[in-house]
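Asker: Please see the structure below; I have some questions.
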Amino acid sequence: MENGKCKMKGRSSGTAAKKAAVKLSAMDRVKLARDAKRPHIWDFINAFCSDFEELHGDRLVNDDRGLVAGFGTVGDYRALILGHHKGATVEENMEANFGMVNPDGYRKAMRLAKLAERFHNPIVTFVDTPGAYPGKEAEERGQAEAIAKSLEFFAGLKTPIVVVVTGEGGSGGALAIAVGDRILMMENAVYSVISPEGCAGILWRDGKMAPAAAEALKITADDLKRLGAIDEIVPEPAGGAQKNPKAALASVKKAVLSALKALAGVPADELVEQRYAKLRAYGNFY
């Protein structure tokens, strides 16, 4: 029996050591978040609803393909779905600027969100972008103003908003459609004011310091949940969502439906007050 106990103890220690060995660093999470095979916006739309109707254009300049928007039925809820569109092919990548949205995209989002508010439809947003598009034309058309206006607009919108960070939550480009009543984040997603490479370049002038920057930035779901910046972590299959997209999509759908149900009975004015309090609490870590 004594030998048997020793063997059991040995197996237990080996399992614990194995689990410790596969613990992912912040930079590992960044790589998973950027994996091209992770579910993209159209994967979520197709898994969530069969009657999605995409709507186009900001009614000012054009239709930004970096942001997909339209109405569909999610469970028992008719909802507006917004999401960054990185693209699944090289052609789609180029068309959508790899999910980097122009001012036109944010104005499209606000136009349709106002429509959702009018008909008391909840809004579900999917965040996955390296950041807002930094090109000359975007700046000329008011990129900073569009992001700032979007933050103000969504903060006061009188309808439930559920946000899901699915991949990269990059800076203001992510924040523009990430103001919500419930902020969900997939287990291997990241959410940050700047990329680890950008941070390393500024602080140390050395891109090789990106892993250290990733740790210091506190950009993982675990870190952000602990700091109160997000409300819930959505678990992913072993190895990441790209290993078992069907299971990952089902997990996200379950979390979104739960959040929508919790928000459905809250009066609009109370929603806005709670959302404002949530935003004002960001940065209070003690």
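Throughout, read-outs are computed from the coordinates displayed, never taken from laboratory work. Everything numeric in this text was worked out from a predicted model, so none of it was measured. Glycine also receives a Cβ, built like all others from the backbone with ideal geometry; neighbour counts cover every protein chain displayed.
Asker: Most fluctuating residue of Asp76, Asp231, Asp28 in a GNM of the chain with Cα springs under 10 Å: which is it?
Answerer: Largest GNM mean-square fluctuation: Asp76.
Asker: In whole angstrom, how far apart do the alpha carbon centroids of the stretch 233-269 and the stretch 161-224 sit?
Answerer: So the separation of the two Cα centres works out to 19 Å.
Asker: Check Val165: other-chain or 5+ apart residues with amide H under 5 Å from its amide H, H built from backbone geometry?
Answerer: Long-range HN contacts for Val165: Val127, Leu184, Met185, Met186.
Asker: Which ³J(HN,Hα) values in Hz, rounded to whole numbers, follow from the phi angles of the stretch 82-94 under the Karplus curve 6.51 cos²θ - 1.76 cosθ + 1.60, where θ = phi - 60° and Gly and Pro get x?
Answerer: Going residue by residue, I get 10, x, 5, 10, 7, x, 9, 10, 4, 5, 5, 4, 5 Hz, with x marking Gly and Pro.
Asker: Another question about this same structure. Show that you can apply the helix-only estimate: for the chain, add -39,500 (n - 2.57) for every DSSP H stretch of four or more residues, divide by all residues, and state [θ] at 222 nm to the nearest 500.
Answerer: Helices in the chain give a 222 nm mean residue ellipticity of -14500 deg cm²/dmol.
Asker: Give, to the nearest whole percent, the P(r) tail of the chain beyond 26 angstrom, counting all Cα pairs.
Answerer: Counting pairs separated by more than 26 Å, the tail of P(r) holds 44 percent.
Asker: Separate question: Within the stretch 63-215, how many lysine pairs that are 8 or more places apart, or on different chains, have C-alpha atoms less than 24 Å apart?
Answerer: Lysine pairs meeting both conditions in the stretch 63-215 amount to 10.
Asker: Express in nm, to one decimal, how much length is gained between Glu145 and Glu273 on full extension, taking 0.36 nm for each residue of separation and deducting their alpha carbon distance. Walk me through the numbers on the way to the answer.
Answerer: On the way: separation 128, 0.36 × 128 = 46.08 nm, distance 2.40 nm.
Value of the extension gain: 43.7 nm.
Asker: What distance in nm lies between label points placed 7 Å from Cα along the C-beta direction at Asn62 and Lys31?
Answerer: 3.6 nm
Asker: Each residue of the stretch 55-65 in turn: what ³J(HN,Hα) in whole Hz from Karplus with 6.51, -1.76, 1.60 and θ = phi - 60°, glycine and Pro shown as x?
Answerer: Running phi through 6.51 cos²θ - 1.76 cosθ + 1.60 with θ = phi - 60° gives 10, 10, x, 9, 6, 10, 10, 6, 10, 7, 7 Hz.
Asker: All other residues with a Cβ under 11 Å from the Cβ of Lys37 taken together, and with Lys, Arg as +1 and Asp, Glu as -1, what is their net charge? Numbers along the way, then the final one.
Answerer: On the way: positive: Arg34, Arg38, Lys243; negative: Asp35, Asp43.
Here the count lands on +1.
Asker: May I ask you to derive the FRET efficiency for Ala238 and Arg78 from their Cβ-Cβ distance with R0 = 45 Å, giving the value to the nearest 0.05? Don't skip to the answer; put the middle values down first.
Answerer: Numbers: r = 35 Å, r/R0 = 0.77.
With R0 = 45 Å, the Cβ-Cβ based efficiency is 0.80.
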